[in-house]
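Since every read-out is calculated from the coordinates, none of them should be taken as a lab result. Note that this is a predicted model, so its numbers are computed, not measured. Quick reminder, even Gly has a Cβ in these numbers, built from the backbone with ideal geometry, and neighbours come from all protein chains shown.
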Amino acid sequence: MRMDDLVALCKRRGFLYQSSEIYGGLNGFWDYGPLGVELKRNIREAWWQDMVTSHNELVAPPGAPGPYEMVGLDSTIIMHPQVWKCSGHYDLFHDYMVDCRESKKRYRYDQLQGRWVEAKGQRIFVATEAQGDEALKDTEHKALRYFNLRAKQASELHWDGPLVSLSTVSDFSQVLGPDAKALGTLTEPREFNLMFKTYIGALGGEESAAFLRPETAQGIFVNFKNVLDSTRVRVPFGIAQMGKSFRNEITPRNFTFRSREFEQMEIEFFCHPSTSRAWYEYWRKRRYQWYLDLGLPSERLRLRDHSPEELSHYSCGTADIEYAFPFLPPGEFGELEGIAHRGDFDLRSHMEGKLVRQGNEFVVERDGEGKPRYRGSGKDLTYFDEATRQRYIPHVIEPSAGADRAALAFLCEAYCEDMAPDENGVPTPRVVLKLHPRLAPIKAAVFPLVRKDGMPEIAREIYAALKPCFPVFYDEKGAVGRRYRRQDEAGTPFCITVDGQTLVDGTVTIRDRDTLRQWRVKKEDCADEIRRHLK
Ligand code: GAP
């Protein structure tokens, strides 16, 4: 599958548009069109339903250490600036970037790599943003251009070692930037905070500065006590929240994969420290299975444990659920969701103030005068267990998913080009989105075979009966084969057709998008029949 084909389909059929496109677009921002908005809603609803509303707190689900409760939350995007100071985002949520003085482009330092090459008595480092084989081709192409050589003179380039990160190069004077013609145009790496800043109220001074949240998680931690005090939930329990997050990513890329505005679906699961390891294991598997159940195949989906060097400073274990996105080189995977064991780091930070690691401990970070660098709320966020009479700070397991990344993965996996017979039975190429029926934007389309003989009237009746049950689409224009093709591209799993036989015996055909199987049901049974297949 070529990514360009999927991007074109998304635009053509109204899944995704570039934001503000009529003004030339805005890099890193995407709008969901009429079909896209339904797809993303379905993903969010599947997550909410599977994780929160249909969870039965009276029994332990398979693989869980015990029963647990789940509740939801919807906190604000802009919160008190102290939230981000204590969480560490204000000081630590940075990327390093380098600028090119010649091309005026900005790159993420950790994403630039390159190769040393020597020709015509000069040794230079050719930098690229590309990955894998593309990076090899790109660096060769740039080296040839720099040394003014033709492709057939490629043997005059003497490569010195494999592709290595730009961070291995200490002096940038011999570096050829990814979009530069001259050497030494890249600046030294500079830190760049990823939080979008804004100002509250009319005055606009630094005292009124605030941030758009870069994750939904902190809204859950700061409401931990509210939820405990206003409900009857008891540890172990989880608080789920989904909503927009904003990150001023330096290099948004790969369609919606890395956007500047995106939606997260996060759970903060609070448990006793002694059982936290078992809960972490449970959530890793539970979340991995969720993607499998919605149609991502295990060959392209993996659960990867972070190595000790990769772990965030607060985490005692993190695993990523990763999908083999087609824009990545073969064998590479991109993150869909992280499941982190965060210990008591977050609740402690919001009680005591910003924490830093000291040996194996976390302690409050202090300034030169010994005062906390960022003061916590001072509120008691401990938990008292009535049964054991024990007071403790719960540990947190955090499954943190992205709704847009999930939508992109489901679209990539669903995109398929195959051959299907047209109305004359001749095999013709078709593009089909084999989305899981739960995720499909439209569940069924209703067609009269022809626009006469009372067929449209019957089809409209069926359409009206289905409309209150699930999203359906009515179409009577053009040849029925073309109508099927349009629905295949939209990912509609079932098409219901009223034909000559309907007039005789009151049955209609139902066509399955993936198998192309057609079967007949009574016209009044359509809703039940489709509902049965939507699970
Ligand atoms: N609270 C933890 C947290 O936010 P993260 O790994 O930074 O962890 C969680 O983000 C998920 O949010 C990612 O796995 C991804 O699905 C999504 N996400 C993060 N940054 C994103 C971006 N720039 N564009 C789209 N999705 C993003």
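Could you calculate the FRET efficiency of His80 with Ser173 from 1/(1 + (r/R0)^6), where r is the beta carbon distance between them and R0 is 60 Å, rounded to 0.05? Efficiency, rounded to the nearest 0.05: 0.85. Packing order of peptides 54-66, 349-361, highest average first: 349-361, 54-66 (average count of other Cβ atoms within 10 Å over each peptide's residues).
Around the amide H of Phe211, modelled in the peptide plane, lie the amide H atoms of Met79, Thr198, all under 5 Å away and 5 or more residues distant in sequence or on another chain. With only Cα atoms counted, the stretch 5-151 has Rg and Dmax values of 24.4, 75 Å.
Volume per residue, Å³, of the convex hull around the alpha-carbon atoms of the chain? Write out the running numbers ahead of the final one.
On the way: hull volume 114.4 nm³, N = 535.
About 214 Å³ per residue, rounded to a whole number.
Protection proxy ranking, highest mean first, for peptides 176-183, 323-330, 417-424: 176-183, 323-330, 417-424, where packing is the per-residue count of other beta-carbon atoms within 10 Å, averaged.
Relative contact order for the stretch 398-535: what is it in percent, counting Cα pairs under 8 Å that are at least 6 residues apart? Worked out over the stretch 398-535, it gives 23 percent. Rounded to whole numbers, the Karplus 3J(HN,Hα) couplings from phi for the stretch 125-131 are 10, 9, 9, 8, 9, 6, 10 Hz, using 6.51 cos²θ - 1.76 cosθ + 1.60 with θ = phi - 60°, and x at Gly and Pro. Sequence-ordered 3J(HN,Hα) estimates for the stretch 4-17 from the Karplus curve with 6.51, -1.76 and 1.60 and θ = phi - 60° stand at 4, 5, 5, 4, 5, 4, 4, 6, 4, 9, x, 8, 9, 10 Hz, glycine and proline given as x.
The equivalent ellipsoid of the stretch 290-378 has semi-axes of 37, 13, 11 Å, largest first, where each one is the square root of 5 times an eigenvalue of the Cα gyration tensor. The ranking of Arg511, Arg277, Arg389, Arg286 from fewest to most other beta carbons within 10 Å of each one's beta carbon is Arg389, Arg277, Arg286, Arg511. Charge dipole (Cα centre; +1 on Lys/Arg Cβ, -1 on Asp/Glu Cβ; no other charges) of the chain amounts to roughly 720 debye. Amide H contacts of Arg430: Asp418, Met419, Ala420, each under 5 Å away and 5 or more positions distant or on a separate chain (H built 1.01 Å from N in the peptide plane; Pro and chain starts excluded). Ranking Thr502, Gly121, Val98 by how far each Cα lies toward the positive end of the dipole of the chain (charges on Cβ) leaves Thr502 at the top.
Dipole magnitude for the stretch 1-152: computed about the Cα centre from +1 point charges on Lys and Arg Cβ and -1 point charges on Asp and Glu Cβ, it is near 1120 debye.
Restricted to Cα atoms, the stretch 484-535 shows a radius of gyration and a Dmax of 11.1, 32 angstrom. Here Lys152 is the anchor, and the aspartates and glutamates within straight C-alpha reach of less than 18 Å, apart from those fewer than 8 places off in the same chain, are Glu118, Asp138, Glu140. Taking the centroid of alpha carbons for each part, the stretch 461-535 and the stretch 327-347 are 40 Å apart.
Students often check this: by mean Cβ neighbours within 10 Å, which of 246-259, 454-467 ranks highest, and how do the rest follow?
Details: 246-259: 19.4, 454-467: 17.2.
In decreasing order of mean packing, 246-259, 454-467 become 246-259, 454-467.
Spatial offset of the stretch 233-263 relative to the stretch 47-94 amounts to 12 Å, using the alpha carbon center of each.
In a DSSP loop and with at most 13 other Cβ atoms within 10 Å, the trypsin sites (Lys or Arg not before Pro) in the stretch 195-236 are Arg232. Would you grab the residues whose amide H sits under 5 Å from the one on Tyr383? Only those 5+ places off in sequence or on another chain, please, with H modelled 1.01 Å from N. Those lying under 5 Å, H to H, from Tyr383 are Tyr392, Ile393.
Taking only C-alpha pairs under 8 Å that are 6+ residues apart, what is the relative contact order of the chain in percent?
Across the chain, relative contact order equals 13 percent.
Backbone N atoms of the stretch 188-227 closer than 11 Å to the 7 Å Cα→Cβ label point of Asp367 are not found in any residue.
From the cross-link list Lys477/Lys522; Lys85/Lys181; Lys434/Lys477, which pairs have alpha carbons spaced over 30 Å apart? As for pairs spanning more than 30 Å Cα to Cα, those are Lys85/Lys181. Across the stretch 87-100, coupling constants 3J(HN,Hα) worked out from phi with the 6.51/-1.76/1.60 Karplus curve, θ = phi - 60°, read 6, x, 5, 5, 8, 10, 8, 10, 10, 8, 9, 10, 9, 9 Hz, and Gly and Pro carry x. Dipole size of the stretch 302-419 about its Cα centre, with +1 on Lys/Arg Cβ and -1 on Asp/Glu Cβ: approximately 840 debye, rounded to the nearest 20.
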